[in-house]
1. Using the per-residue mean of other Cβ atoms lying within 10 Å as a proxy for protection, in what order, highest first, do the peptides 419-426, 270-277, 112-119, 250-257 fall?
2. What would the Debye equation give as log₁₀ I(q)/I(0) for the chain at q = 0.06, 0.07, 0.09 Å⁻¹, counting only Cα atoms as equal point scatterers?
3. Once you place label points 7 Å from the Cα toward the Cβ at residue 279 and residue 443, how far apart are they in nm?
4. On a full-extension model of 0.36 nm per residue, what is the gain between residue 319 and residue 236, subtracting their alpha-carbon distance, rounded to one decimal in nm?
5. Along the charge dipole of region 184-339, Cβ charges K/R +1 and D/E -1, which of 339, 213, 266 sits furthest on the positive end?
6. Per 0.36 nm of contour for each residue apart, how much would the distance between residue 360 and residue 149 grow if the chain were fully extended, relative to their Cα-Cα spacing?
7. Quick one: Cα convex hull volume of region 175-295, Å³ per residue?
8. Which residues among region 32-53 fall inside the zone where the amide N is under 14 Å from a point 7 Å beyond the Cα of residue 194, along Cα→Cβ?
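Read-outs throughout are calculated quantities, based only on the coordinates presented, and are distinct from any laboratory measurement. Just so it is clear, the model here is predicted, and its values are computed rather than measured. Neighbour counts run over all protein chains shown; Cβ positions are idealised from the backbone, glycine included.
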Amino acid sequence: MADKLQRELSNRHIQLIAIGGAIGTGLFLGAGQSIHLAGPSILLTYIIVGFVLFMFMRAMGELLLSNLGFKSFGDIAHHHIGSMAGFMVGWTYWLTWIISGMAEVTAVAKYVAFWYPTIPNWLTAAATILVLVALNLFSAKLFGELEFWLSIIKVLTILALIAVGVVMIVFGMKTSYGPATVTNIWKDGGIFPNGTQGFFMSFQMAIFSFIGIELIGITAGETKDPHKTIPQAINNVPFRILLFYVGSLAVIMSVVPWQQLNPADSPYVKMFGLVGIPFAAGIINFVVLTAAASSCNSGIFANSRTMFGLAGRKQGPAFLHRTNKHGVPHYAILVTCGLLSISVVLNAIFKDATKVFVQITTFSTVLNIMIWTIIMIAYLGYLRHEPKQHKESNYKMWGGKYMAYCILGFFAFIFIILLINSATRYAVLSAPVWFVIMLVMYQKYKKESRKAKIETEEE
């Protein structure tokens, strides 16, 4: 049996996976806090962050299409920077998804408790893991199908909210906050009511909301017709950001003046409540539940493929590189399942395990931004070492190395903000500890991993 991934993900799978990666619980639950912090300028924040990440995605797309043998971000870093960079990126990305996966499983349990408070959180967490792992074991297509329908739920919810909001604005419908009008966005304090400080501090929250958008890079190895599908998915990113983030928040602030929104509440619940839907909270709870399940599903997929790639580069146990008859790395999936099961134990021990994950999830987010940074450094290596291939590429990042340096500058700016903020400072300061651990671990695999080459794969 060949230990090779199968290309089973179609265009619709990739499109919705990309959408799902860009719409998470951070939008539905964290938007209230973002608006409170930045006011209407949050719209500009999302536009700027969205543009930067679109450029990042184009760079990542160019790298992936330069060699279809790349199955993970670790492969890219290994090839264009070196074996140690590949090792660190691979295992760091693995850690971020393990932590995020445990947090999301716990979140699913909490959302189920909204309707069924008598069911223990640990039982719901265990059932969620078993269902998702079982689906992932059969084929990449099943992962794609599940992600497709979970993303559809999120998309339809936001589109429904935007449609209702637009109708309310067009007809100037009156609510307890007054008539719905776009002037509500800026009439009280302008676009920057909290000054530049509120605007700059909102960048970290916007970045957090977008974590997972890079998942399309992990799906590249199992995508049908990648040279067509991946550019299409990436090129639609700006439209999705404008519609789902900027569009929905602009509509909400037009109907409800931004200063009237409670940072602790979901503005989406508030919006549906104004329409007169009595079960608005239940609707959003269901949507957020699907968003958490979607994220956990993505985590299982991403982790298993990351470990598959690490083992293939002699940077992890060899058995993780094996695939079953369906062409999925089954041992890597089962190991992921085992580690995610730690969340079941924590939910059984702690009454509110969510709090356990709040801080460490912030740590994983910092590590994720570091991975993005290393990918951009790999892109600069690609431009330097393979200028001919870059020149001949049909899919490029606009601006080449100059845009790459601008993106790296932006990521540095985000790290400065994370350092300034006392709530996230510890995560930035503790991140080097993880890389020291990685450096020590690398010594075990250094000799063999240096010999490992990333196979070139043609369509």
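1. Highest-to-lowest ranking by the protection proxy: 250-257, 270-277, 419-426, 112-119.
2. -0.25, -0.34, -0.58
3. Using points 7 Å along Cα→Cβ, the separation is 6.0 nm.
4. Extra length available between residue 319 and residue 236 comes to 26.1 nm.
5. 339
6. 73.0 nm
7. Measuring per residue, one finds 143 Å³ for the Cα hull of region 175-295.
8. Residues 32-46 qualify, since their backbone N sits under 14 Å from the label point.
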